[in-house]
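Participant: Here it is, the structure, as structure tokens.
The values are calculated or read from the model by the stated rules, or taken from the named source; none is laboratory data. Just so we're clear, the structure is a prediction, and the values are computed from it rather than from any experiment. FYI the Cβ positions are ideal-geometry reconstructions off the backbone, even for glycines, and counts take in every protein chain you see. Accessible surface areas use protein heavy atoms only, side chains included; no ligands, DNA or RNA. Shrake-Rupley method; radii C 1.70, N 1.55, O 1.52, S 1.80 Å.
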Amino acid sequence: EAQVTQNPRYLITVTGKKLTVTCSQNMNHEYMSWYRQDPGLGLRQIYYSMNVEVTDKGDVPEGYKVSRKEKRNFPLILESPSPNQTSLYFCASRGDMAPGANVLTFGAGSRLTVL
Amino acid sequence: AQSVAQPEDQVNVAEGNPLTVKCTYSVSGNPYLFWYVQYPNRGLQFLLKYITGDNLVKGSYGFEAEFNKSQTSFHLKKPSALVSDSALYFCAVRDGSWGKLQFGAGTQVVVTP
């Protein structure tokens with residue numbers, strides 16, 4: 001089944017304790033992206049990657065890092081989490097071939113709470 | 001800069017009645033328009049898109065949307081709502097094929113039996 005898999009789905013951590021949210025896709029998509037969802041704000045892009053070793057900042061990159069060493073994986077790293085990073089995070093990927101061109105496939109989401 | 005607006009935080013409709021979720025956008029070039037739906041505790045799922053062609057676009061689960069260039073709108077519609085359509089709906093726009101995807105704030109749809 002074509003899918004984007006994120007882990008963990010739920011995480012409670014404390015301020016300053018480094019954490020990584022993994023994201024993997026099995027569709028051979030070049031483009032991958034991370035979003036955070038906050039009430040009333042919709043989805044805001046954190047980072048995106050056009051292909052292996054090519055990453056760029058989105059709208060809200062502060063406090064986050066990413067890497068794209070392999071095509072299928074795009075982990076999100078919080079080096080020193082703070083309470084304002086408490087949010088629901090989504091990873092998504094997109095291919096360029098019809099009929100799915102331009103359409104994002106989303107993971108199930110990772111709910112992060114930073115105390 | 002591009003932007004997208006969903007003017008209603010919540011839409012309430014009785015089962016069997018028509019459902020409309022509003023979306024307006026602003027881009028400098030040709031808009032690529034999308035609707036996604038989020039069910040509780042799930043990721044977003046693609047419903048439909050407008051890139052070019054017919055202004056009326058049909059998508060999944062009986063939904064459709066009409067691209068109106070003069071009103072810069074892309075409202076989502078369903079002729080007869082189901083209780084199972086209760087979810088959070090997001091409109092999104094890209095400014096052409098290379099633009100960044102911008103999401104609206106979302107509209108919660110509540111369908112009552």
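Participant: Within 10 Å of each Cβ in peptide A:39-47, how many partner chain Cβ atoms are there on average? Round it to a whole number, please. Present the calculation step by step, with values, prior to reporting the outcome.
Facilitator: Numbers: counts 3, 3, 3, 11, 11, 2, 4, 0, 0.
Average neighbour count from other chains, rounded to a whole number: 4.
Participant: Over chain A, what is the mean sequence separation of C-alpha contacts under 8 Å (at least six apart), divided by residue count, expressed as relative contact order in percent?
Facilitator: Details: 308 pairs, mean separation 40.4, N = 115.
For chain A, the relative contact order is 35 percent.
Participant: One-quarter of the Cα convex hull surface for chain A, in nm²?
Facilitator: On the way: hull surface 27.4 nm².
The number I arrive at for chain A is 6.8 nm².
Participant: Which one, B:Tyr25, B:Tyr89, B:Tyr61, has the greatest fluctuation when you compute a Gaussian network model over chain B with C-alpha springs under 10 angstrom?
Facilitator: Per the Cα network of chain B with a 10 Å cutoff, B:Tyr61 tops the list.
Participant: For a quick size check, give me the Cα extents of chain B along its three principal axes, largest first, whole Å.
Facilitator: 42, 28, 21
Participant: On to the next question. Suppose every Lys and Arg Cβ carries +1 and every Asp and Glu Cβ carries -1, with no other charges. What dipole size does chain B come out with about its Cα centre, to the nearest 20 debye?
Facilitator: Numbers: 9 positive and 8 negative charges, 52 e Å.
With only Lys, Arg, Asp and Glu charged at Cβ, the dipole is about 240 debye.
Participant: From largest accessible area down, sort B:Lys78, A:Lys17, B:Lys69, B:Lys22; use a 1.4 Å probe on the protein chains.
Facilitator: Numbers: B:Lys78 20, A:Lys17 125, B:Lys69 145, B:Lys22 85 Å².
Largest accessible area first, the list is B:Lys69, A:Lys17, B:Lys22, B:Lys78.
Participant: While we're on this one: How do B:Ser70, A:Ser80 rank by accessible surface area computed with a 1.4 Å probe, from largest to smallest? Each step should come with its number before you reach the end.
Facilitator: On the way: B:Ser70 110, A:Ser80 80 Å².
Largest to smallest exposure gives the sequence B:Ser70, A:Ser80.
Participant: When Lys and Arg each count +1 and Asp and Glu each count -1, what net charge do the other residues less than 13 Å away from B:Ser60, Cβ to Cβ, add up to? Don't skip to the end; give the middle numbers.
Facilitator: Details: positive: B:Lys49, B:Lys58, B:Lys78; negative: B:Glu64, B:Asp85.
Combined, the nearby Lys, Arg, Asp and Glu give +1.
Participant: OK, next. At a threshold of 8 angstrom on Cα-Cα distance, excluding pairs fewer than six apart, so keeping six or more, what relative contact order does the range A:1-66 reach in percent?
Facilitator: In percent, rounded to a whole number, it is 22.
Participant: Now for a separate question. Given a 10 angstrom Cα cut-off, can you work out which residue in A:Pro61, A:Pro83, A:Pro75 is the most mobile in a GNM of chain A?
Facilitator: So, out of A:Pro61, A:Pro83, A:Pro75, the one fluctuating most is A:Pro83.
Participant: A further question follows. Over the Cα atoms of the protein assembly as shown, how large are the radius of gyration and the largest Cα-Cα distance (Dmax), in Å?
Facilitator: 17.6, 52
Participant: Please compute the average number of Cβ atoms from other chains found within 10 Å of each residue's Cβ in peptide A:104-110. Kindly include the intermediate steps, with their values, before the conclusion.
Facilitator: On the way: counts 8, 4, 7, 2, 4, 5, 0.
Whole-number average of other-chain Cβ neighbours for A:104-110 is 4.
Participant: Pairs of alpha-carbon atoms within less than 8 angstrom and 6+ residues apart define the contacts here; what relative contact order does chain B have, in percent? Please report the intermediate quantities before stating the final value.
Facilitator: On the way: 286 pairs, mean separation 42.4, N = 113.
The value is 38 percent.
Participant: What accessible area per residue comes out for the range A:30-95, rounded to a whole number of Å², with a 1.4 Å probe?
Facilitator: 42 Å²
Participant: Roughly what % antiparallel, to the nearest 5, for the DSSP beta bridges in chain B? If you can, show how the numbers build up before the last one.
Facilitator: On the way: 34 of 39 bridges.
Antiparallel bridges: around 85 percent, rounded to the nearest 5.
Participant: As an exercise, use a Förster radius of 22 Å and the Cβ-Cβ distance of B:Thr72 and B:Ser97 to find the FRET efficiency, rounded to the nearest 0.05.
Facilitator: Working: r = 19 Å, r/R0 = 0.86.
The value I calculate is 0.70.
Participant: Most mobile of A:Met27, A:Met50, A:Met97 per a Gaussian network model of chain A (Cα springs, under 10 Å)?
Facilitator: A:Met97
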